[in-house]
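Here is the structure we will look at, set down as structure tokens.
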Amino acid sequence: MARVPDVRGFNNVVFFTGAGMSAESGVPTYRGKGGIWKEYDYDNCACQEAFDRDPEYVWEFHNYRRELVSKCQPNDGHRWIARCERELAGPNKRVTVITQNIDGLHQAAGSETVIELHGSLWKLRCCVCDWRAEDLSAPLRELRCPQCEEAGRADVYKRPDIVWFGDSLANSNLVAVQEALTRCDLLISIGTSAVVYPAAQMPLIAKRGGALLVEVNPEETPLSDIYDVAIRGTATKALAAMCGGLDEAAS
Ligand code: NAD
């Protein structure tokens with residue numbers, strides 16, 4: 001394994017995570033072997049046009065994902081990251097998770113400062129009115145917007161509050177990401193194929209600010225060259241190596 005930094009030596013650590021972060025929890029990644037987009041066509045289940053065309057089918061896909069993810073637990077990697085925040089964050093030290101994942105496993109492991117770039121499988125909104133809610137049920141059975149129904153429109157569906165293909169990222173998230181990446185001195189990117197923009201290029205903001213960049217991925221990615229350290233291993237092993245010092249400090 002490459003020269004592995006110890007997270008304790010840094011003041012502002014950002015964990016930038018993608019689907020590979022949850023692979024060891026049993027959540028399938030999007031691309032590559034066993035990837036979701038090998039089995040499903042995102043034009044039919046992960047964009048607004050598909051939802052407008054056939055909301056029931058789009059919900060069938062998202063209910064399949066809700067059921068699958070609801071059976072998964074955070075892995076040791078999620079737990080190391082949560083522990084970093086608990087033990088390292090203080091008046092002059094920060095630990096932030098910026099995730100492309102929609103599974104909620106960072107929060108389930110105890111992470112509190114989490115920016116969900118692509119939304120959440122567990123959050124819902126209405127495309128017509130301002131109704132929003134969080135709902136952990138799997139599957140979600142009541143698909144119609146209750147507020148629209150009350151106003152006499154029984155045909156309006158709830159929508160997963162996820163950034164689908166063609167959707168824009170929330171402005172508030174972009175501001176928070178910019179702030180976290182500008183001040184960070186260590187960015188650890190974990191389990192992302194770096195092909196979905198604008199998320200893919202976000203680590204460059206940290207690089208421009210002088211942060212040390214670490215890539216954790218069993219495979220190279222199109223952006224591997226920008227990283228100072230490459231750890232070609234799994235999330236759980238790499239995080240144990242980078243965060244294992246917390247055990248020494250505790251003993
Ligand atoms: P990805 O599936 O493209 O890539 C996963 C990466 O994880 C791969 O590079 C793989 O080598 C790596 N990996 C696999 N196992 C690993 C392990 N154990 N440890 C570390 N790394 C491992 O996932 P991505 O990069 O997160 O994809 C980008 C984004 O595309 C997704 O996060 C998703 O939000 C997004 N997207 C989702 C939707 C949707 O509707 N849900 C729609 C559009 C885009």
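Against the main long axis of the alpha-carbon atoms of the chain, helix 76-88 sits at an angle near 70°. Highest GNM mean-square fluctuation, the chain, Cα pairs closer than 10 Å: which of 107, 147, 73? Among 107, 147, 73, the largest GNM mean-square fluctuation belongs to 147. Have a look at 29, 241, 195 and report the one farthest towards the positive end of the charge dipole of the chain, computed about the Cα centre with Cβ charges (Lys/Arg +1, Asp/Glu -1). Going by the charge dipole, the pick is 241.
From least to most packed, judged by other beta carbons within 10 angstrom and beginning with the fewest, 157, 197, 40 follow the order 197, 40, 157. Using alpha carbons only, how many angstrom separate the centre of region 30-108 from the centre of region 193-219? Region 30-108 and region 193-219 have Cα centres spaced 18 Å from each other. Taking every C-alpha pair closer than 8 Å and separated by at least 6 residues, the mean separation divided by the residue count of region 169-212 gives a relative contact order of 50 percent.
For the chain, lysine pairs separated by 8 or more sequence positions, or belonging to different chains, with Cα-Cα distances below 30 Å total 15. Summarising the strand pairing of region 109-229, around 55 percent of its internal DSSP beta bridges are antiparallel.
Placing unit charges on the Cβ atoms only, positive for Lys and Arg and negative for Asp and Glu, gives region 52-174 a dipole magnitude near 380 debye about its Cα centre.
The numbers here are math on the coordinates, done by the rules we state, and not lab data. Since this is a predicted model, take the numbers as computed values, not measurements. So basically every Cβ, Gly included, is an ideal-geometry build from the backbone, and we count neighbours across all protein chains shown.
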